[in-house]
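Accompanying notes for the structure given below.
Laboratory data are not the source of any read-out in this text; all were calculated from the coordinates shown. Since the structure is predicted, the reported quantities are computational estimates derived from the model, not experimental observations. Note that each Cβ is placed from the backbone with ideal geometry, even for glycine, and that neighbours are counted across all protein chains shown.
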Amino acid sequence: MSDYLLSVILGIVEGLTEFIPVSSTAHLRIAEALLHLHYSQLSLESGYWKMYSIVIQLGAILTLPIYFRHRIAKFFSTFPRGERGERTILTHPLSLVMIAFVVTAIPSFLLIKVIGKHLESPYVIGTALLVGGIVMWFIDARNGKAEAAGEAAAGGLIHTWHMEEMSLLQAVWIGACQILSAVFPGTSRSMSTIAAGQMAGMSRASALEFSFFLSIPTMVMATAYTLWKSLRGKDGNPIGVARIDAHGWIVLAIGFVVSFIVAYGSVAWFMAYVRRRGFGPFAIYRIIVGILVLFFAARLAG
């Protein structure tokens, strides 16, 4: 299989899984194992792979500010009072996104050595997929009746139907829960933030939207930090940009473009799907994949 085709496949995997709650990290590792990438230029041990994984993730990230450009423009134009005039500088949606980001970023940075140690463990990834799936299924099922009753129904488990109505405590709670996805690959950043939002009384749609907006600063800073560290040779896999030939740059470009296109379609589809059917199918999928990863990891170890 050529590197060009491999780049298309990995770009598709990244684009499909980055924003839905199934863990892009886990699926890229699974794809690497299935495609035997140890013999390719895209080897996990090479500096080139470090750059490639960053580039395709950046392609996915670029989807969000473009897809939500009108919503972002409205948030900036209504800062800090909000569209209805009842928000403050601490409770405006833009502020809540940045507060949640800071709550995540500081502990995650301090735990960077733990993150690195767990990154490649199939047992950690499989367990995180399995446990995350169970948690997501339980929370979404618990909120199912309230979702079906709708916003007009009084009482119930849901009291925040729109992202613009979020509280400061909800943002802090979601940011704290997102730390799990940094420390334990396979947890999924979107799963942890969506489930945390639902636990805090948010509807599926509002929790999903906040998850998307929170992912912009989170993913930009995480990928920028990884890129900076590798370029400085401070990482186990320094990139060595000067050694990349024309073939390598084409492979990078293919992965970036494919990831962007697929991620854009994935975001649009995911938002529409969740409003109709919820997160249950994704929870079941996580449970199945988690069991399979643990099973094959045990077989290989044995």
Rounded to the nearest 20 debye, what is the charge dipole size of segment 3-301 about its Cα centre when +1 sits on each Lys and Arg Cβ and -1 on each Asp and Glu Cβ? 260 debye
Relative to the first principal axis of the alpha-carbon coordinates of the chain, what is the inclination of helix 24-35, with its axis defined by its Cα atoms, in degrees from 0 to 90 and to the nearest 10? 30 degrees
Dipole magnitude (debye, nearest 20) for segment 143-233, charges at Cβ of Lys, Arg, Asp, Glu: 480 debye
Report the extension gain between ARG299 and ASP245 in nm, rounded to one decimal, defined as 0.36 nm multiplied by the number of residues separating them, less their alpha carbon distance. 15.6 nm
At 0.36 nm per residue, minus the direct Cα-Cα distance, what do VAL102 and ALA152 gain on full extension? Give it in nm, one decimal, please. 14.6 nm
So, with points 7 Å from each Cα along the Cβ direction, the LEU110-HIS159 label distance in nm works out to 3.0 nm
Over the chain, what lengths in whole Å, largest first, do the semi-axes of the equivalent ellipsoid take, defined as the square roots of 5 times the eigenvalues of the alpha-carbon gyration tensor? 33, 22, 17
Alpha carbon centre of segment 8-25 versus segment 169-199: separation in Å? 18 Å
Simple spin-label estimate for ILE261 and ALA224 in nanometres, 7 Å along Cα-Cβ: 2.9 nm
Give or take rounding to whole Å, what are the principal axis extents of the alpha carbon atoms in segment 53-172, in descending order? 47, 35, 27
Angle between the chain longest axis and helix 93-110 axis [Cα atoms, degrees, rounded to 10]: 40 degrees
Output the peptides 250-260, 102-112, 184-194 sorted from most to least packed, where packing is the average of other Cβ atoms within 10 Å over each peptide's residues. 184-194, 250-260, 102-112
